[in-house]
Amino acid sequence: MVRYNRRKVLTGAGVLGGMTIAGCLGDDDPVADDTDDTDDTDDTDDTADDGDDEAAPDAPGTDPDDRDVMHGILQPETGDLGELGTPIADAAELPAIQLADADSPVTVDISREDSQTESEVGIARAEDLAAAGYPSFTGAAASDVTIPVAESVAIPEQMPMISPASTAPEITELDGDYVFRTCPSDALQGAVMAEVAWEDQGWETASTLHLNDAYGQALNAEFTSGFEELGGEVLEEEAFEPEQASYVSELESVLAAEPDFLMIVAFPVSGIQMFRDFYSEFDELPIMVTDGLIDDDLPTDVDNPMDNVIGTSPAADGPEVEAFNELYEEEYGSSPGVFNAQAYDASAVQILANLRGGDNDGQVISEQIREVSNPGGEVVGPSNFPEAVEMAANGDEIEYQGASSPVEFDENGDMTTVAYDIYDFEDFEITVTDTIEFEAE
């Protein structure tokens, strides 16, 4: 049974940059409350007004009988992130499946590619998508793949990409016309982790183990900064390479100083081995993990209930999350996991932008992404997606509100409204115990 609570109050807000925390929100009817909160935000209206200062791009629309919508999916279905990557890719494909099941006149040609959680492979697969004429794609997942794919393929090829799972802060600095994401930056997650550790748990000292890549390094740095700003002390920090046969030496190094807790940034394949080593070699102490290890199968794979573990990850907290959950469960026979809602939204927005723009052309799609998602026009989402694509094909003004969030992109391609879930691991189950929400200033 899921224990669910909600809050919007976080101390130490100075670390959040361009985001701020709204006031208290009750537990009743969270979807309705979130929708009202978004509508009442003056800053959201300002964003829309700013966009009106420039001439809106043409919206010729599409006759569905004339062409198929071409859309790529680039996700890690093997490698260190493969355990999470396949469900993310499934969710990214779901809008196209939904249209086919509804006998929509719109046909979406999907090309699904495996990055193998490797930057070189990701670049090669993105190049394959470009060469085959796919004008945009949902991907990648690992930040260490997304960044080189963006720099080597998406930006020079003018090929929009929307990542549902890449959270490294430096992605904000990439080209906001061709690199978007429906997940939030780890500049926020680090603050959430620090707050939970210091204020909620009362921990005063930490050691950290993190992947030696863009994701691990950045999230470790954001957590360390936030924790120390609140008054905590980070005793040891250790980077590690993925998919090693043993992590005993790394664990010995960070645990030698006897911290109050250990913070780990890892992906499932490495995480399984790391936790097996931990439970077989060391005395238990509290551990905090991040989104890369929020995997329902992790305790079973480790063969331990993992009762000493808590975690954080971006939440699926959008106005249409329930509609998405029902679609996903009907199609795949299981509940969606971390970043699944973000993947659905990423694909849905690109399909709508493609249709409204009238062409399988990356520059055209880029111009339409904010037109179909940011405030203004008839509200659409997962619950009426078959109708939404027909409106987009007619060139109508629409506003996509999604499963993960309202899906409003700022000038950098980042979300303006995001939320984080807090998890407990207990008796082989992972449950959401709290949610923290952020909105753009």
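The values are calculated or read from the model by the stated rules, or taken from the named source; none is laboratory data. None of the values given here were measured: they were computed from a predicted structure. Here the Cβ is made from the backbone with ideal geometry for all residues, glycine too, and neighbour counts use every protein chain on show.
Scan segment 149-164 for residues that are within 21 Å of Met415 (Cβ to Cβ) and either part of a helix (DSSP H, G or I) or under 17 Å from the mean Cα position of the chain (by Cα) (or both) and report the count.
Residues that pass the stated criteria total 8.
Among the numbered criteria (1) over 15 Å from the mean Cα position of the chain (by Cα); (2) closer than 30 Å to Asp68 by Cα, which single criterion is violated by Glu426?
Every listed condition holds for Glu426 apart from (2).
Please state which of the following conditions Ala124 fails to meet, knowing it meets all the rest: (1) surrounded by fewer than 24 Cβ atoms within 10 Å (Cβ to Cβ); (2) among the small types (Gly, Ala, Ser); (3) touching a Ser or Thr at 6+ places or on another chain (Cβ under 7 Å).
Status for Ala124: all satisfied but (3).
Residue check: is Thr146 crowded, with 24+ Cβ neighbours inside 10 Å, free of Cβ contacts under 8 Å to residues at least 40 places away in the same chain and either assigned to a helix (DSSP H, G or I) or in contact with a Leu (Cβ under 9 Å, 6 or more places away or on another chain) (or both)?
Details: crowded, with 24+ Cβ neighbours inside 10 Å: yes; free of Cβ contacts under 8 Å to residues at least 40 places away in the same chain: yes; either assigned to a helix (DSSP H, G or I) or in contact with a Leu (Cβ under 9 Å, 6 or more places away or on another chain) (or both): yes.
So Thr146 passes the test.
Considering Ala100, Ala140, Ala91, Ala130, which residue is among the small types (Gly, Ala, Ser), in contact with an Asp or Glu (Cβ under 6 Å, 6 or more places away or on another chain) and at pLDDT 95 or above?
Just a single option satisfies the conditions, and that option is Ala130.
Take the residues in segment 396-422 that are surrounded by 23 or more Cβ atoms within 10 Å (Cβ to Cβ) and among the aromatic types (Phe, Trp, Tyr); name whichever of them is nearest to Glu195 (Cα to Cα).
Taking the candidates together, the pick is Tyr420.
Confirm whether Ala89 is touching a Lys or Arg at 6+ places or on another chain (Cβ under 8 Å) and assigned to a helix (DSSP H, G or I).
When the stated conditions are applied, Ala89 passes them.
Give me a count of the residues in segment 266-294 that are of a type in the set (Val, Ile, Thr) and either in contact with a Pro (Cβ under 8 Å, 6 or more places away or on another chain) or buried (at least 24 other Cβ atoms within 10 Å of the Cβ) (or both).
3
Limited to segment 149-169, what total is found for residues that are farther than 23 Å from Pro87 by Cα and either modelled with pLDDT of 95 or more or crowded, with 24+ Cβ neighbours inside 10 Å (or both)?
Residues meeting the conditions: 9.
Find the residue count for segment 63-109, including only residues that are over 17 Å from Leu327 (Cβ atoms), more than 23 Å from the chain's Cα centre (by Cα) and surrounded by fewer than 24 Cβ atoms within 10 Å (Cβ to Cβ).
Looking only at that region, the number is 9.
So which of Glu330, Glu387 is under 17 Å from Ala92 (Cβ atoms) and without any contact (Cβ under 8 Å) to a residue 12 or more places away in the chain?
Of Glu330, Glu387, the one residue that is under 17 Å from Ala92 (Cβ atoms) and without any contact (Cβ under 8 Å) to a residue 12 or more places away in the chain is Glu330.
Looking only at segment 188-203, decide whether some residue is of a type outside the set (Lys, Arg), at pLDDT 95 or above, in contact with a Pro (Cβ under 8 Å, 6 or more places away or on another chain) and assigned to a loop (DSSP other than H, G, I, E, B).
Scanning segment 188-203 turns up at least one residue that is of a type outside the set (Lys, Arg), at pLDDT 95 or above, in contact with a Pro (Cβ under 8 Å, 6 or more places away or on another chain) and assigned to a loop (DSSP other than H, G, I, E, B).
Just checking, which of Asp303, Asp291 is touching a residue at least 12 places away in the same chain (Cβ under 8 Å) and more than 29 Å from Phe438 (Cβ to Cβ)?
On inspection, the qualifying residue turns out to be Asp303.
From the list Glu118, Glu195, Glu170, Glu127, exactly one residue is more than 29 Å from Val289 (Cβ to Cβ) and not hydrophobic (A, V, I, L, M, F, W, C). Which is it?
Details: Glu118 fails: more than 29 Å from Val289 (Cβ to Cβ); Glu195 fails: more than 29 Å from Val289 (Cβ to Cβ); Glu170 fails: more than 29 Å from Val289 (Cβ to Cβ).
Unique residue meeting the criteria: Glu127.
Only residues that are closer than 25 Å to Val418 by Cβ and of a type in the set (Val, Ile, Thr): list them for segment 381-404, please.
Across segment 381-404, the qualifying residue is only Ile398.
Hey, among the residues in segment 239-249 that are surrounded by fewer than 18 Cβ atoms within 10 Å (Cβ to Cβ) and not in a loop (DSSP other than H, G, I, E, B), which one's nearest to the chain's Cα centre (by Cα)?
Filtering segment 239-249 for residues that are surrounded by fewer than 18 Cβ atoms within 10 Å (Cβ to Cβ) and not in a loop (DSSP other than H, G, I, E, B), the one nearest to the chain's Cα centre (by Cα) comes out as Ala239.
Output the residues belonging to segment 379-424 that are of a type in the set (Gly, Ala, Ser) and in a helix (DSSP H, G or I).
Ser383, Ala388, Ala392, Ala393
Residues of segment 188-234 being surrounded by fewer than 24 Cβ atoms within 10 Å (Cβ to Cβ), of a type in the set (A, V, I, L, M) and either closer than 28 Å to Gly413 by Cβ or in contact (Cβ under 8 Å) with a residue 60 or more places away in the chain (or both), which ones?
Scanning segment 188-234 gives Val196, Ala214, Ala218, Ala221, Leu230.
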